[in-house]
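Working notes, beginning with the structure itself.
The values are calculated or read from the model by the stated rules, or taken from the named source; none is laboratory data. All values reported here derive from a predicted model rather than from experimental measurement. Ideal geometry is used to build each Cβ from the backbone, glycine not excepted, and the neighbour counts take in all protein chains shown. Surface accessibility is based on the protein's heavy atoms, side chains included, excluding ligands, DNA and RNA. Shrake-Rupley method; radii C 1.70, N 1.55, O 1.52, S 1.80 Å.
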Amino acid sequence: MVLQTIPARIRWSVDLMDVQPDDHVLEIGCGPGAGAELICSRLETGKLFAIDRSESGVDRTKRRCARYVESGRLTVRQIDLATLRVPVKRLTKVYAFNVNLFWVRECADEVALLHERLLPGGKVFVYYEATRAEDVPQMIERTSASLAAGGFRVQVVQRKVPACVGVIGHR
């Protein structure tokens, strides 16, 4: 088996989430599956539900994380967040990396869905690569505003190396 590396930005973002063995996590935009792999490696009784609008993203995540899919720890679906019906009663964490939804368009319905499905004390972690410094203020401002309008208390985190920014919504 070829060992696939996990980028430093993904490691930092998942580390900051402090995934617990019994967490129920939703990943929005699973892409190549690096985040899913790292999250699932930290779960025991918990589960990850990963979604992506892209068929190739879903396929790549399923291949990369086949052992977690087979064990029932990971479910991967091709679906848009706006049409998602979360299969678990309540989530403890939501994870998204480089998902532009939260800062490029109106997303009140999606944020309301997340707020409704998160347990009290649950968190939404929205991260972006911050390699284009001119975009970072808008990313932070718009993502923060979207989450705050949906009832979340907002916290911003930044890291220089790797260049990343995160907006964390606390329910």
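Which of the peptides 144-155, 22-33 is most tightly packed, and how do the rest follow, judged by the mean count of other Cβ atoms within 10 Å per residue?
Sorting 144-155, 22-33 by mean packing, highest first, produces 22-33, 144-155.
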- prompt: To the nearest 0.05, what FRET efficiency results for residue 155 and residue 66 with a Förster distance of 22 Å applied to their C-beta separation?
  reply: 0.05
Amide N of segment 114-132 lying under 15 Å from the label point, which is placed 7 angstrom from the Cα of residue 163 along Cα→Cβ: 128-132
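Tell me, what % of the accessible area of the chain is carbon and sulfur with a 1.4 angstrom probe? Could you put the intermediate results ahead of the total?
Numbers: 4310 of 8680 Å².
Ligands and nucleic acids excluded, carbon and sulfur give 50 percent.
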message: Only Cα pairs within less than 10 Å get springs; with that Gaussian network setup on the chain, which residue of 132, 159, 142 has the largest fluctuation?
response: 132
message: Using 5 Å bins from zero, what percent of all Cα-Cα pairs in the chain falls into each bin?
response: 1, 9, 19, 22, 23, 16, 7, 2, 0, 0
Farthest positive-ward along the chain dipole, Cα basis, beta-carbon charges - from 167, 54, 38: 38
message: Suppose each label sits 7 Å from its Cα in the direction of the beta carbon; what would the residue 45-residue 8 distance come out to in nanometres?
response: 3.7
query: For residue 53 and residue 134, what does the FRET efficiency come to when R0 = 22 Å and r is the distance between their Cβ atoms, rounded to the nearest 0.05?
result: 0.25
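Tell me, what is the per residue accessible area of the chain in Å², probe radius 1.4 Å?
On the way: 8680 Å² over 171 residues.
Spelled out: the 1.4 Å probe surface of the chain, per residue, equals 51 Å².
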Inter-centroid distance (Cα atoms) of segment 74-127 relative to segment 1-61, Å: 14
